[in-house]
Each structure stands twice: as C-alpha cells, then as structure tokens.
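**Q** Handing you a structure now.
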C-alpha cells in the first residue's frame, strides 16, 4: 500500500494584528495509505478541524496555511491555484460537516443537492448522477432509497440527513473524504445507525478518510490509525489498537482515563430518607391550553419523581424527551398544566409570581451552556455577588469575602472576580455558573446538561466537583443528561424519560444489569465502548422497526414506534402497566421480567406465543 | 488615535467629517466673521470672494457666518431629537419585552400605527397645531423617530430576554425592573448607539426639509434647511448662498453615515459573541 495522503510540516497561523501571529497548528505530519481511515482526535481548540480543512487547501477566515506540504495522490494541494483548488474540492477531496441540518439548503430537494457536485464538476450526466445517488442511499441504509431524493431536508430525520450528507460527499468518488464530527450532534441511539452505515460504506468502497472527533469510543470503531492532537501539536500517532491499549503519551492517557467509566462515590449513607422534591402526575407543555387544561403541545405527560434530601436524581433521555422542560417547570419558568410539585412536602406555586424569595433560594438552576448563561456584560464579581445580595442581603466587605469563598469552593483563583465572563475558558465559565447557584445556599440544584458542552477532561473535573460539593454542602441535584454513563457514574437514582413520560425509574444499581425497559436497553447498548469491533458486535435489530399506523392514543406506550419487542395486539391497543421489578426499579411496559431478561429476538418470540 | 487606525478608508473620512462638524457646532459662532443678522453688503447673491468666502445671501448677509450659526442649530436639534427618540424607544422597547403579552401587543400596535403615518406629515400636523420652537421641533422629530427605535430595541430585548442568563435571573426571583436594567439593557447599548447615530442623519434631513418648507427654524434664526429656502431665488444665478448650505447638509449626513456604517461593520467582525 502506498501512502495516498501525505502531510508534512503543516503549520497554520492566524495574524493577531500587531504584526504578530498565533500558531494554530504546528508542524503536523502524517500519512494515510489508500483505503484506510485516520482519526484526528483532540479537545476543542486542538486544531483538528483546521487540519482537516487544510487538506482541501482551505483555511478558515483569519487563518493562513503558512508552511508545509499536503499531497493528495500526486497533487501538491498547497501549490494549486484557484481553479486547481476548485477541481480538487468536492471532487477529489470532499467534506462531511458536523451539522447536516445547517449544511442543507432547505428550499431544494435532497437529490438536487446530493448530485450538485457531480454536475458542477461535470463528472457525469444528471441521469448517471441520480443512479449513483440511489446506489449510495441504499449503501447507507436509508429508507426508500428510490424516492428519498425527491424529499426536502426538513422531511427526513437528523440521522438520515447526516447520512445523506455523506452521500453528497461520496457521489463524486473522491480520493479522500473528511468526516468532521459527523455524529456529535446526534442522539446515541441515532448515532449508532449512522456509524454502522458509514462503516459499511467505507469498507465496501475502500474509501480513504480522515475522521475528526473528540470521542475516542467512536473513533475506536471507525479508524485504522489515530492521531492525538493537543494545542495544535501531535501528541501521538499510531495504530488504533496501540493507541487505545498502550498509549505512550501522557496526554493520551489522560484522555482515555477521562472517559473510562468510573463510579463516583456518592456518599449517600449519611442522608435521610426525607423527600426534598416530589413531582406527581406532572403534565406541562407549550402553546394555548384547551378546556381540559391540556397545552396544545404537551411535552411532559404524567411524570412522577422523588428526590431525597442530599441525593442525586439523574434524568436521562434523548433530545425532545422533555428533560429541560422538567427543569423549567421545577424552577418555575414554565407553569405546570396539571399535577403538582412539592418542595419539602409543601406544594410549590407553578408561576414565578406565586413563589416566595425563600422558595426561589432553595431551588437553583444551572444551564448547559455557560456561554449564554452568564451575562457577557457583567464581571464575575457581579454575577456571584447578586445572589448574595439578593437572598442574603450581603454588602461591602462581607460580600467580597463570600465571593472569594465561592470562587474557592469551585476551585478558581480569587483573581478572576474582576474579570468579565467572556474572558474565561469554557470550564471556568461552567464553574462560575455553578458558583452562582451555590451562592444562593440552595437545597436543590437543577443541572441541565452541565457537562455536555465541555471537553471530556474538563467535564470530568466538573463532575468530580459536583460530587465534592454535595459531600461538603449536602445539596441535592437533579442531574439532567443525555449520556447514560455520566448519569450512572454520578447519580443515586435514575429516571429515564422518553417522549415526556418516565419509562423506567430506579436506583443506579438497577441500571447496571438487565432487566431493563426496552428503551433503556437500547440506550445502554447504543453507547459506544472504547473497544475496537464493538460496533460490529452490538446487537441491533437488523431491519428498522416499521412504524405503527393510525392515530395514537396518549395513553399508549410512548416507545411503541421504535420498540423492537413490541407485542402486536397488546402494545398498540392497551396502555402499558407500571411494573415494579424484583430489583426495585419501576418500568412502564407490557413485558414480564422474565421476558425482559431474554435477548431481544427471543423475547419477541416468547411474547408471540 | 487607535480608533482611527482600525477604521477603513470610508470610516476615516466619516470620522474626519464628524469631528469637523462637531467643531463647527461648538465653535462656529465664535469663528463667524459677522454677527448672525448683520447686513454686510448692499449687493445680494454675491459670488465667492476673499471678503465673503461664500458670498452674500438674498439680503446681503455673509453666508459663511450664516452657515456657521445654522450648523449649530441643525446639529443640536438633530442630535437632541435622535437621543430623545433613542431613549424613549429603548425604554419602551425593553418595557414591552419584559411585560405581559397584552402590554407588548398594545404598545407594539400603537407604535405600528404611529410609524404608518409618514414622519413629515406627522410633523406638519403637530407644528400646525402647536407652533414651532426649538424645544417643540426636538420633541416632534424625536416622536416621529421613536417607533423605529422602539422596534429595534424591542426585537433586541426580546432576543436577550430569552437568553439563559435572563432565565437564570428570572428563576432567582428577580423583578422585571432589575431584569430590564441590569441583565438586558447593558447588552443592547452598542447596537442602540449606532441606531441613534443613523437616526441623527434622518433627523437632520427631516429638520432641513421642515425648515425648507418654512415650518422649522423661524427668522432671523436659521438652520441649514432654512438657509436653502431663503436663498432659493438665487438658484438661477448659481449663487453660493443656496448651494453652500445644501453642500453642508450633504457633508454632515454623509460623514455621520460613513462613520456609523464602518463602526457597524467593525462591531460585526470584532465580537464573535453577543
């Protein structure tokens, strides 16, 4: 195998004004043999996307490729002129972006966009291009490959759109395909389908690819070689198996240990069994309410949960399952349509206006994105000082002292107090975000995806901080996440939400082994493991589950459409019962415990009989 | 002069013009060779000469002096009206954004109705009803530009109101006034300032056209618009008395426009985040 792609001494810089430059990528060199996949892995800001884009001879606005050599086949990319680059891009080197939804033009059909590159480059006729496109749709296991091209981007799902984007990149039969975080924005259960499709098409067509990702577990499934980047420099380059099993570089070791699931000691022994927050039969949503008080778009449908004092409840579900809405209802930002929320046994008023200052103080909310959760025009001292003044009436020196104490609590130096929030790093911002909640001296903190926007290593540090704070201060958390391994490592109790209903609830031990609700099982099985070949071994239903026709009753199982083990005649007719299993967890399912312990295909059979 | 160096060429030209006009507004009357109403020559509509650098007007007054005095009126009234509109529009816009739907709808529809009336017609009616004075002109021009300011302020405030940091403050139990003042307002100062800058240009044009039809500044005082009107009979002779005030209006408005436009472009590239 010859080296098909060869990069050496690549340096990308960005001028900073005063005749000075920052080096974004420094002296990067690698080679990819034909038909193999190289993964670029690193945290945000490590330069992985910059390197990937430079393979197309492109540098983002304000950056410039200052030296080095990039060879694709026999072509030196960096010496190409405008028209040479035009011939290269989209034809010989193509690109799959992270957000397919933002990369498709909503007003053109999918087929027109998928075949566009072929027609622009004059590789083939329109007819030929459409035949190729349909072949690719089939290879990427898209539904209805013959007709999906006539749809518009909003008529297909996010996972399908991502695969269509791959079809768009592959249609010119390029020599190199760049996948830039193609599954990062997807839910895990969708991600696995997309990964399977990508893997298959890469293997069948012998595609040479660069796969950019921050997720080692995903990379373990996709890549032959891994290049570990940190701050624009190569830390380690090697075969996938070697990098994962025997990482030589200390930074790689940190990365691997940060994602290795660890069970954090929650220290729940010392706490009482007294419920702090109780939610009963909660219904909430958006839009006008009808005469029964049901909102036009119900998001939460009959949710029940209890958080004991000093304990952590993990709420898990995919996007759109109502996790954030739940937090908004508890915080009082969205009034409940039905049901009640009890704080320490006392009903909590649904609207902000009805709550007392003390009720506000006891529940604090921490949002996912610290960039938008901190007012960019305020200083750190202002952000932390406000709850101190507002709830505790602190002023002057006492206030300064408490701000210092709060910063100390989240392990930030006291000097950041004078800085503006925009000047801090992502991890620091999230700590300030947390410190602001702590400044109120709360009893319950609602953490809405607090680590999702952070890099793995930084996120792990925040999780450790949460555990430590709970031990020191005895606060309870409602920890909302889409990531089951995070939830399992941090929370005492777990609630699985699907389409606004709790489908399974139990202590974290019950989430270690079956029986699970079929959705929980799908969720757990879909999380990639840091092990080569996991993707091939993952037990997935071979064919996608056909949709159930007809009008759906709100009472029916919410997971009906996607359930691989649904029982015809039962699941689509009757509301599922709430069953308490022998390990103490509660599920919403027609299946018996014995059936749920069988491998999926077998218990579908058992149910048929 | 850090600002000057970072501006583009058009912005630099704008900045120079703006500084020039500010100087004229501040020091103009002190620099004027003749008092405002003094008739200096029996010849009317004299061409440019070394005695009268911009000639004389229809009564034989020195045009340069008239412009130096007039520019002060134009700039002060225009700026005051733009600031008036900016403050009123911003305050009402934020108020609408943090208020209930009912209040927001009522206020917004009222502003829509107000902006449906052409500014000049509105000003005409108000002047006809209330008369013309400097204070009144400021108020009238200010009111006719308030709906525009309101609309921009409201849309900015509505977006900011949805931001997480405002939601956090709301969940903390903060009152509406605090949300508006501390969380929302500081984040809209910059766009509102550029908006006021542009509205100043329109205010100058509106004031000049009102004066041109005789409803603005009343004699013997004159702003740049009235100078054009009183000397309009000299147009056939190509007298500088009618051309120079018009050129002055053009230079003033173009200068401010160039500066504001390049500032806006700069703000876009400089701040990646809100």
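Every number in this text was worked out from the coordinates using simple rules, so none of it is lab data. None of these values were measured; they are calculated from a predicted model. Neighbour counts are summed over all protein chains in view; Cβ atoms, including those assigned to glycine, are modelled from backbone coordinates with ideal geometry.
**Q** Of the candidates B:207, B:137, B:36, which one comes out as most mobile in a Gaussian network treatment of chain B with C-alpha springs shorter than 10 Å?
**A** Maximum among the listed residues: B:36.
**Q** Over chain B, with a Gaussian network built from C-alpha contacts below 10 Å, which listed residue (B:221, B:41, B:164) shows the highest mean-square fluctuation?
**A** In the Gaussian network model the winner is B:164.
**Q** Quick one, can you get me the convex hull of the C-alpha atoms of segment A:186-253 expressed as volume per residue in Å³?
**A** Details: hull volume 6.7 nm³, N = 68.
Roughly 99 Å³ of hull volume per residue.
**Q** Taking R0 as 45 Å, what FRET efficiency do you get between residue A:107 and residue A:239 from their Cβ-Cβ distance, rounded to the nearest 0.05?
**A** 0.50
**Q** Once you treat every alpha carbon in segment B:28-114 as an equal point and sum by Debye, what is log10 I(q)/I(0) at q = 0.13, 0.16, 0.26 Å⁻¹?
**A** Each listed q corresponds, in turn, to -0.58, -0.68, -1.14.
**Q** Let me ask something else. Please determine, in degrees from 0 to 90 and to the nearest 10, the orientation of helix A:188-205 with respect to the longest principal axis defined by the Cα atoms of chain A, where the helix direction is its Cα long axis.
**A** Approximately 10 degrees, to the nearest ten.
**Q** Here is a follow-up. I need the Debye-formula profile for segment A:226-334: one equal scatterer per C-alpha, no solvent, reported as log10 I(q)/I(0) at q = 0.12, 0.23 1/Å, two decimals.
**A** Rounded to two decimals, the profile gives -0.71, -1.23.
**Q** Compute the Rg to Rh ratio over segment B:103-204 from the alpha carbon atoms, using the Kirkwood formula for Rh, and round to two decimal places.
**A** Numbers: Rg = 16.7 Å, Rh = 15.5 Å.
Value, to two decimals: 1.07.
**Q** Here is a further query. For chain A, what does -39500 (n - 2.57) per DSSP helix run (n ≥ 4), summed and divided by total residues, give at 222 nm, in deg cm²/dmol to the nearest 500? Don't jump to the answer; show the numbers that get you there.
**A** Numbers: 23 runs with 208 residues, N = 609.
Roughly -9500 deg cm²/dmol at 222 nm, from the helical runs in chain A.
**Q** If you average the alpha carbon positions of segment A:7-69 and of segment A:98-167, how far apart do those two centres end up, in angstrom?
**A** With segment A:7-69 and segment A:98-167 each reduced to a Cα centre, they are spaced 29 Å.
**Q** For chain A, what is Rg from Cα atoms divided by 2.2 N^0.38 Å, rounded to two decimals? Can you show the working numbers first?
**A** On the way: Rg = 26.1 Å, N = 609, 2.2 N^0.38 = 25.2 Å.
Taking the Cα Rg and dividing by 2.2 N^0.38 Å, one obtains 1.04.
**Q** Here is a further query. Report the per residue volume, in Å³, of the convex hull enclosing the C-alpha atoms of segment B:177-220. If you can, show how the numbers build up before the last one.
**A** Working: hull volume 4.5 nm³, N = 44.
Enclosed volume per residue, from the Cα hull, is 101 Å³.
**Q** Given the Cα-Cα distance of residue A:392 and residue A:414 and 0.36 nm per residue of separation, how much length would full extension add, in nm?
**A** Values: separation 22, 0.36 × 22 = 7.92 nm, distance 2.08 nm.
Taking residue A:392 through residue A:414 to full extension adds about 5.8 nm, to one decimal.
**Q** Quick check: residue separation of residue A:290 and residue A:423 times 0.36 nm, minus the Cα distance between them. What number comes out in nm? Don't skip to the end; give the middle numbers.
**A** Values: separation 133, 0.36 × 133 = 47.88 nm, distance 4.68 nm.
Between residue A:290 and residue A:423, full extension yields 43.2 nm more.
**Q** Another one. Project the alpha carbons of segment A:357-513 onto their principal axes and report the range along each, largest first, in whole Å.
**A** Principal-axis extents of the Cα atoms in segment A:357-513, largest first: 53, 33, 28 Å.
**Q** Now a separate question. If R0 is 35 Å, what FRET efficiency do you get for residue B:177 and residue A:401 from their C-beta distance, rounded to 0.05?
**A** My answer for the efficiency is 0.80.
**Q** Please quote Rg/Rh for segment A:92-228 to two decimal places, taking the Kirkwood radius as Rh and restricting both calculations to Cα atoms. Before the final figure, lay out the partial values.
**A** Values: Rg = 14.0 Å, Rh = 14.9 Å.
That ratio equals 0.94.
**Q** Roughly speaking, what is the stretch gain from residue A:144 to residue A:29, that is 0.36 nm per residue apart minus the C-alpha to C-alpha distance, in nm to one decimal?
**A** Result for the pair: 37.2 nm of gain on full extension.
**Q** Each label point is 7 Å from the Cα along the Cα-to-Cβ direction; what then is the distance between the points at residue A:358 and residue B:102, in nm?
**A** Modelled inter-label distance: 3.2 nm.
**Q** Would you calculate the separation in nanometres between label points at residue A:127 and residue B:221, each defined as 7 Å from the Cα along the Cα-to-beta-carbon direction?
**A** In this crude spin-label approximation the distance works out to 8.1 nm.
**Q** Sum -39500 (n - 2.57) across every DSSP H segment of at least 4 residues in chain B, then divide by the residue count to get the 222 nm mean residue ellipticity, nearest 500. Intermediate values should be presented prior to the final figure.
**A** Details: 10 runs with 190 residues, N = 274.
Estimated from H runs of four or more residues: -23500 deg cm²/dmol.
**Q** Would any residue of segment B:37-71 have its amide N under 13 Å from a label point 7 Å out along Cα→Cβ of residue B:233? List them or say none.
**A** B:44-45, B:57-60
**Q** Still on this structure, please answer the following. Given a Förster distance of 41 angstrom, what is the FRET efficiency for residue A:67 paired with residue A:452, based on the Cβ-Cβ distance and rounded to 0.05?
**A** Details: r = 37 Å, r/R0 = 0.90.
With a Förster radius of 41 Å, E is 0.65.
**Q** Can you pull the Kirkwood radius for segment B:200-267, inverse mean 1/r over Cα pairs, to one decimal in Å? Intermediate results must be reported in sequence, preceding the final value.
**A** Working: mean 1/r = 0.0783 Å⁻¹.
12.8 Å is the Kirkwood radius here.
**Q** Among rounded, prolate and oblate, which fits segment A:356-401 when a ≥ b ≥ c are the square roots of the eigenvalues of its C-alpha gyration tensor, a/c under 1.5 means rounded, and a/b larger than b/c means prolate? Spell out each step's value before the answer.
**A** Numbers: a/c = 2.84, a/b = 1.15, b/c = 2.47.
Here segment A:356-401 falls in the oblate category.
**Q** Okay, next question. For the modelled label position 7 Å from the Cα of residue A:280 along Cα-to-Cβ, which residues of segment A:339-375 have backbone nitrogen atoms closer than 17 Å?
**A** Inside the label zone: A:339-350.
**Q** When every alpha-carbon pair in segment A:332-439 is counted, what percent end up more than 16 Å apart?
**A** 61
**Q** Moving on. How far apart, in nm, are the 7 Å Cα→Cβ label points at residue B:251 and residue B:51?
**A** Simple spin-label model gives 2.4 nm for this pair.
**Q** Rounded to whole Å and sorted largest first, what semi-axes of the equivalent ellipsoid does the C-alpha gyration tensor of segment B:2-270 yield via the square root of 5 times each eigenvalue? Before the final figure, lay out each step's value.
**A** Working: eigenvalues 342, 95, 34 Å².
Listed largest to smallest, the semi-axes of segment B:2-270 are 41, 22, 13 Å.
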